[in-house]
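Trainee: Pasting a structure here, questions to come.
The values are calculated or read from the model by the stated rules, or taken from the named source; none is laboratory data. What you see is a predicted model; the values in this text were computed from it and never measured. SASA here: full protein model, heavy atoms, side chains in, ligands and nucleic acids out. Shrake-Rupley method; radii C 1.70, N 1.55, O 1.52, S 1.80 Å.
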Amino acid sequence: MSRQSLSLLKNLRSIATGSKIQTRSVTYMPRPGDGKPRPVTLIPGDGVGPLVTNAVEQVMEAMHAPVYFEPFEVHGDMKSLPAGLLESIKKNKVCLKGGLKTPVGGGVSSLNVNLRKELDLFASLVNCFNLPGLASRHENVDIVVIRENTEGEYAGLEHEVVPGVVESLKVITKFCSERIAKYAFEYAYLNNRKKVTAVHKANIMKLADGLFLESCQEVAKKYPSIAYNEIIVDNCCMQLVARPEQFDVMVTPNLYGNLVANTAAGIAGGTGVMPGGNVGAEYAVFEQGASAGNVGKDTTEEQKNANPVALLLSSAMMLRHLQFPSFADRLETAVKRVISEGKCRTEDLGGNSTTQEVVDAVIANLD
């Protein structure tokens, strides 16, 4: 019998007997002192970043969530991370981040990549799923893309051999490949996921992607209850747009993960609603899951109609990471109600609401 049927029978029984069934369960048993407010490093970022991070601040305040923010002014065109930022994240262990522009060309390194390397945030996680009430081309999409975050094509090892010839090195190591594979399988195991798919191009990059695949295969043997399969990245993209429901957890090298996560996000409802974060052994940085495609759109910033949903859901992930599950549940439920009702949506979701109007709607739907 399904859970829904059992729930219906219980409700009917309570009506017949006149008794009330308690629906609230014990979801988290805190240790004494766990309710103490936790500091979170805040990077508002560029473009619409301050708009969406402010949305999170407002909702957190409305919920009386046990967190407070330590903001740092960071911009993508800076040559290095500002003084004190890394110390703050290392002290607080957790950071919430708006989008940072990455200059194209010119030899300026990405602060996004630098931050992940400095804190060894080796795993990027993006959850791409259908939201009730939000139309999309496919149903039953619930994909988690886990991407190696520190090497591959993002190693930044480039040089000009002779004028007009640039060599860019892709670095794949057994150590990093094994630990991202372990994280993917551990995530699947702890979240009752059934399958892990490794994405690769080992038919061409036989040594580099071959090493990544070998590492995934070795780790998969330790998790016999979880199905494991492999797929070439170009076929993966085709399968994503054709039958995305076949995928569950996907583990990828760095560059492929960026492409796969954005493709999956577009299929499930758009980058504006997909949460994500970056995590390592000690620290975690939560941000919009797929690329913040509207960071550089001046019109979105001027009209103040950036979609805050992705970062709101990412902040719910953050609350759960901080072991505040009740607050995370309240926030997720409120956001899903707003999306389901369909009355308050930003332009990217087919509406004409401003960021603030979405925030107000979420706050009004908080239990």
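Trainee: Using heavy-atom solvent-accessible surface (probe 1.4 Å) with all chains present, what is the largest-first order of K93, K201, K36, K343?
Mentor: If we order K93, K201, K36, K343 from most to least accessible, we get K343, K36, K93, K201.
Trainee: Can you tell me which lysines have their Cα less than 28 Å from the Cα of K101? Leave out same-chain residues fewer than eight positions away.
Mentor: Reachable lysines: K79, K90, K91, K93, K117, K170, K297, K304.
Trainee: At a probe size of 1.4 Å, how large is the accessible area of L51, to the nearest 10 Å²?
Mentor: Counting only protein heavy atoms, L51 exposes about 40 Å² to solvent.
Trainee: Here is a further query. Please work out how much accessible surface S124 shows to a 1.4 Å probe, ignoring ligands, DNA and RNA, in Å² rounded to 10.
Mentor: For S124, the solvent-accessible surface is approximately 10 Å².
Trainee: With every protein chain left in place and a probe of 1.4 Å, what is the accessible surface of V48, to the nearest 10 Å²?
Mentor: Its heavy atoms expose roughly 10 Å² to the probe.
Trainee: Just to check I understand the Karplus step: with θ = phi - 60° and J = 6.51 cos²θ - 1.76 cosθ + 1.60, what whole-Hz values come out for region 40-47, glycine and proline as x?
Mentor: Working through the residues one at a time gives 10, 5, 10, 10, x, x, 9, x Hz.
Trainee: For n ≥ 4 DSSP H runs only, could you compute -39500 (n - 2.57) per run for the chain, divide by its residues and tell me the 222 nm figure to the nearest 500?
Mentor: Taking each H run of at least 4 residues, the total per residue is -12500 deg cm²/dmol.
Trainee: Pairing the Cα long axis of helix 309-321 with the longest principal axis of the chain, what angle in degrees results, from 0 to 90 and rounded to the nearest 10?
Mentor: 80
Trainee: So what's the angle, to the nearest 10 degrees on a 0 to 90 scale, between helix 208-220 and the longest Cα principal axis of the chain?
Mentor: Compared with the principal axis, the helix lies near 40 degrees.
Trainee: Using a cut-off of 18 Å between alpha-carbon atoms, which lysines can reach K182, once sequence neighbours fewer than 8 places away in the same chain are excluded?
Mentor: Answer for K182, where 18 Å is the Cα cut-off: K174, K194, K195, K221, K222, listed by chain and number.
Trainee: Take M60, M238 and sort them by solvent-accessible surface of the protein heavy atoms, 1.4 Å probe, largest at the top.
Mentor: M238, M60
Trainee: Still on this model: Under 5 Å between amide H atoms, partner at least 5 residues away or on a different chain: which partners does F286 have, H built in plane at 1.01 Å?
Mentor: C95, L96, K97, N278
Trainee: Right, next: Over 10 Å intervals from 0, what percent of Cα-Cα pairs in region 247-359 sits in each interval?
Mentor: P(r) over region 247-359, rounded to whole percents: 13, 41, 35, 10, 0.
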